[in-house]
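Engineer: Before we start, here is the structure in question, set down as structure tokens.
Just so it is clear, none of the values below were taken in a lab; they were calculated from the coordinates. Remember, predicted model here, so these are calculated numbers, not experimental data. Heads up, the Cβs are rebuilt from the backbone with ideal geometry, glycines too, and the neighbour counts pull from every protein chain shown.
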Amino acid sequence: MQTTSDRIAQRMFELGLQHKDLVAATGASKGTVTNWISGVNNPTGKRLILLAQALKTSENWLLTGNQTPEFTQVEPWDSNTPLDDDEIEIPFFKDFSFACGGGSIGEAIANETRKLRMSKATLRNLSITKENAVAATAIGDSMSPTIKNGDTIHLDLARKKIKDGKIFAICHGGLFMAKRLYNLPMGGVRIVSDNSVEYPEIQLSAQEMIDQQFEIVGWVWQISSLESW
């Protein structure tokens, strides 16, 4: 069950805010903000109001979890709407599979016209450059329940070195997919699905990785999911 500190951390991540940003916005001391984030105590009074404003949500949601976290008005926009000062656009692929196998990922990115808007601060906090940030639609249920069919996954194309257990977007045999990767001796790789009952893990040697056109596209650093009614 989420606590107030969990909801504060959630909104900080979603908005790309740091500890110092909440200190500046609320006028509270560093120690007080640390206590809010760690769950030692909850914000109250005027500080609660200022914190909710900084996190673009309501005091009620912060304390109880009731109501949607966003309460600010959503302004209509389209491709002609100017970017805000803290916004950038990144390529958004509805189907990335065509770039796998014999295709060129770099060429696919250059030619993609669909875009997603996101905060510069979010990328900056994760040390992701605009040039290496892309988003794509996940297809299939092999990573369910972590990633569901139709979810949007955000990738950092620069991070391709395997860290055991991290989720990466890969091309394998001409197919685009997201999987957990693990290192094997002699340069091999374990490819693991969260839905392991239906999708058993695959192990490839270094030579099999070449033969089967295995390529790491990038690290999956965020998963955006929408619930169906």
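Engineer: State, to one decimal in nm, how far the label point of Gln203 lies from the label point of Leu126, with both points 7 Å from Cα in the Cβ direction.
Structural biologist: Modelled inter-label distance: 3.1 nm.
Engineer: Which of Met209, Ser193, Leu126 sits closest to the plus end of the dipole of segment 87-224, meaning its Cα is farthest towards the positive end, when Lys and Arg get +1 and Asp and Glu get -1 on the C-beta?
Structural biologist: Of the candidates, Leu126 comes out farthest on the positive side.
Engineer: Continuing with this model, one more query. For segment 87-224, what proportion of DSSP beta bridges, expressed in % and rounded to the nearest 5, is antiparallel?
Structural biologist: Beta bridges within segment 87-224, antiparallel portion: roughly 95 percent.
Engineer: In nm, to one decimal, how far is the Ser196 label point from the Thr146 one, both placed 7 Å along Cα→Cβ?
Structural biologist: 1.1 nm
Engineer: In addition: Place a point 7 Å from Cα of Ile37 in the direction of its Cβ. Which residues in segment 129-151 have their backbone N less than 11 Å from it?
Structural biologist: Residues passing the 11 Å test: none.
Engineer: Take the alpha-carbon centre of segment 9-67, take the same for segment 190-223, and report the distance between them in whole Å.
Structural biologist: After rounding, the separation between the Cα centres reads 39 Å.
Engineer: Please give the charge dipole size of segment 4-64, origin at the Cα centre, charges +1 on K and R Cβ atoms and -1 on D and E Cβ atoms. Round to the nearest 20 debye.
Structural biologist: Charge dipole, segment 4-64, about its Cα centre: 140 debye, nearest 20.
Engineer: If you don't mind, another one. Let me check I've understood the local charge: for Glu89, count other residues with C-beta under 10 angstrom from its C-beta, Lys and Arg +1, Asp and Glu -1. What total comes out?
Structural biologist: +3
Engineer: Amide H of Val134 versus every other amide H placed in the peptide plane: which residues, excluding those fewer than 5 positions away on the same chain, fall under 5 Å?
Structural biologist: Placed amide hydrogens put Leu155, Leu157 under 5 Å from Val134.
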